[in-house]
Amino acid sequence: MNRIPVQHLPDEVSAVRAWIHQKAIELGFSDCGFISVHHPIFAEQTAALKAWLDKGLHGTLDFMHDNHELRANPHKLVDGAKTIISVRMDYLTSTPKRRSIEDNERPNHAIIARYARGRDYHKTLRQKLKQLAKAIEQELPNWQHLNIGADKPFIFRPFSDSAPIFERSLAEKAGLGWTGKHTLLINRQGGSFFNLGELFISLDLAEPNKSTLTKAHCGSCTACIDVCPTKAIIEPHVLDAGACISYLTIEHKGSIDVKYRKAIGNRIFGCDDCQLICPWNRYAKLAVVPDYAPRHGLDDITLLDVWQWDEATFLNNTEGSPLRRTGYLNLLRNTAIALGNSQPNDKSKLVLSLQNRLGISEMLDEHIIWAINELNHEQ
Ligand code: B12
Ligand code: SF4
Ligand code: SF4
């Protein structure tokens, strides 16, 4: 086969990356970057994860103990993969007020984290990544002359929070942003309200000699650390997951420690506070895909409405939504806590409504009784 002289390769390979970038934008992604499956970050991050686990900062996220070998060697996840295309997708559907947490101003309304009000992002990102892979596959005949493996069978696999992959740190190394002190990735032009995903491909497209690392721009700011209701960011870049409201309301099964219940306020699924306060989110963009649009009024729903859902309504209103993850009982548990923190117009009616749900489970009863006590002590 006739090969293009070596000195022409870098520009042509950059053009391939630019083509993929453009296609990713057309599909609704906000950015993408390229990183080798053999990048040293995976071994480094595995060591950091082990240290984090040794400190017991993972709550009951026991799955974080699994698959260290795969985390350190992502090429073992997809046989034949050479490059990871890291993507981000903006998810806001309305612009929050800058540097303020207005959600708390409506104590009788439920707060559901903004990423979770519409269709489950895992599905959206994986579907869009598959479309990106198919578009790449169609272009392969045009790239046969480049030394990137376009002449071999094309292998690909999409992921989004669906495998033991260090998504945040690989996105950082792929040039998508820097890690804020709250541990989330921030993009200078787009803030942090986005989801991450990866397309593993067999093409050789990583940029081995180019540092794509984005400089950190937190400076002396500590707004996210200061605002966190449960003080879960124990030092810059280190999260005590077990104390994070996102963990407590989504991942944690069973009783929630009383010491966190007041701080949870009216958040019944996830928490956005450390992002809402972040000055970089003045650059956050709205979602371009319709998938994140709130369903069943989840951006404007009262606590009492959620409390009155029976299991069939829960199943109906959470179909294809991230809310399914927490399960019916745990969502009632979270709502009981939030009702205990609410400021009802008619307290005795609310107490009655809470009492009506006694007897479903011991765990829920304990939260209901806590909520009733809180309401009765609140004058
Ligand atoms: C487990 C998990 C959680 C846990 C723990 C979060 C955490 N920070 O570890 C809980 C349930 C609490 C959680 C909550 C949320 N999550 Co989450 N979560 C994950 C998941 C599955 C794994 C993250 C992980 O590996 N954590 C383990 C720790 C050890 O990793 P780490 O944060 O990278 O920590 C290291 C750094 O701090 C580093 N470090 C230490 N010192 C320093 C210093 C510097 C300078 C630097 C750069 C790094 C550094 O060392 C640490 C130890 O390894 C990822 C998806 C994935 N597969 O990656 C999504 C993910 C991180 N979550 C996401 C989201 C959206 C959220 C929430 C915003 C949801 C919500 N609104 O409620 C909250 C935010 C809470 C927060 N402040 O982080 C997005 C983040 C997108 C983004 N912009 O970064 C991800 C990528 C999912 C996705 N595909 O979109 N999450
Ligand atoms: S998501 Fe909420 S509880 Fe978790 S670290 Fe951010 S502000 Fe704190
Ligand atoms: S609030 Fe401040 S410290 Fe926290 S991530 Fe944003 S810029 Fe960094």
Pop a pseudo-label 7 angstrom from the Cα along the beta-carbon direction at both residue 61 and residue 147 and give the gap in nm to one decimal.
4.1 nm
For residue 55, go through the lysines and keep the ones whose alpha-carbon is under 19 Å away, minus same-chain ones fewer than eight residues off.
181, 231
Could you size up the charge dipole of the chain around its Cα centre, putting +1 on the beta carbon of Lys and Arg and -1 on that of Asp and Glu, and report it in debye to the nearest 20?
600 debye
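Order these by the 10 Å Cβ neighbour count, fewest first: 204, 257, 103.
257, 204, 103
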Reduced to Cα centres, the span from region 183-242 to region 123-177 in Å works out to 21 Å
Return the sequence-ordered ³J(HN,Hα) values of region 65-80 in whole Hz as given by the Karplus equation 6.51 cos²θ - 1.76 cosθ + 1.60 applied to θ = phi - 60°, using x for Gly and Pro.
7, 8, 6, 4, 4, 5, 4, 6, 10, x, 4, 6, 6, 9, 4, x
The exposure ranking of 66, 299, 365, fewest beta-carbon neighbours within 10 Å first, is 66, 365, 299
Quick check: pseudo-label points 7 Å beyond the Cα along Cα→Cβ at residue 238 and residue 286, how many nm apart are they?
4.1 nm
Taking the mean number of other Cβ atoms within 10 Å as a proxy for protection, how do you rank 174-187, 15-28 from highest to lowest?
174-187, 15-28
So, with points 7 Å from each Cα along the Cβ direction, the residue 308-residue 378 label distance in nm works out to 1.9 nm
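Every read-out reported here was derived from the displayed coordinates using simple, explicitly stated rules and does not represent laboratory data. Quantities reported herein were computed from a predicted structural model and do not represent experimental measurements. Here the Cβ is made from the backbone with ideal geometry for all residues, glycine too, and neighbour counts use every protein chain on show.
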